[in-house]
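The values are calculated or read from the model by the stated rules, or taken from the named source; none is laboratory data. Bear in mind the structure is a predicted one, so any value in this text is a computation, not a measurement. Positions of Cβ are backbone-derived with ideal geometry, glycine not excepted, and every protein chain shown enters the neighbour counts. The protein model used for the area step is the full one, side chains on, heavy atoms only, and it has no ligands, DNA or RNA in it. Shrake-Rupley method; radii C 1.70, N 1.55, O 1.52, S 1.80 Å.
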Amino acid sequence: MTILEVIDSAPINGDTTVIIKGDDSVLKNGIGILDANGKPYKIKSVGMTSTVGGNETTPLLVEGDFRSSRIFV
């Protein structure tokens, strides 16, 4: 299991945009993820990785109201 740190999130049209820090190689459109409480969610879209302040970040669009500081894949 891979654990990714969430650095920011915001609601958008009933879903959530989530910015993660770290290795995004395990993330794909349509896969299931879990929040820190074990609640399941689905990734609708994985955005393009960028480097900000020396850290790699990747935006995700997650189905539903995602609120967690970590993603479990």
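Structure values in brief
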read-out: Unmet requirement for K42, which otherwise passes all of (1) more than 10 Å from the chain's Cα centre (by Cα); (2) open to solvent by 90 Å² or more (accessible area, probe 1.4 Å); value: (1)
read-out: Residue among K44, K39 that alone is among the charged types (D, E, K, R), at pLDDT 95 or above and touching a strand residue (DSSP E or B) at 6+ places or on another chain (Cβ under 6 Å); value: K44
read-out: Residues of the range 36-46 that turn out to be in contact (Cβ under 8 Å) with a residue 24 or more places away in the chain and in a strand (DSSP E or B), as a count; value: 2
read-out: Condition check for D8: part of a strand (DSSP E or B), loosely packed, with under 13 Cβ neighbours inside 10 Å and not hydroxyl-bearing (S, T, Y); value: yes
read-out: Subset of the range 49-73 (residues that are within 12 Å of the chain's Cα centre (by Cα), over 22 Å from G14 (Cβ atoms) and among the hydrophobic types (A, V, I, L, M, F, W, C)); value: F72, V73
read-out: Which listed residue is in contact (Cβ under 8 Å) with a residue 24 or more places away in the chain and touching a Pro at 6+ places or on another chain (Cβ under 6 Å), from I33, I19; value: I19
read-out: Matching residues in the range 15-46 - criterion: being of a type in the set (K, R) and touching a Gly at 6+ places or on another chain (Cβ under 7 Å); value: K42
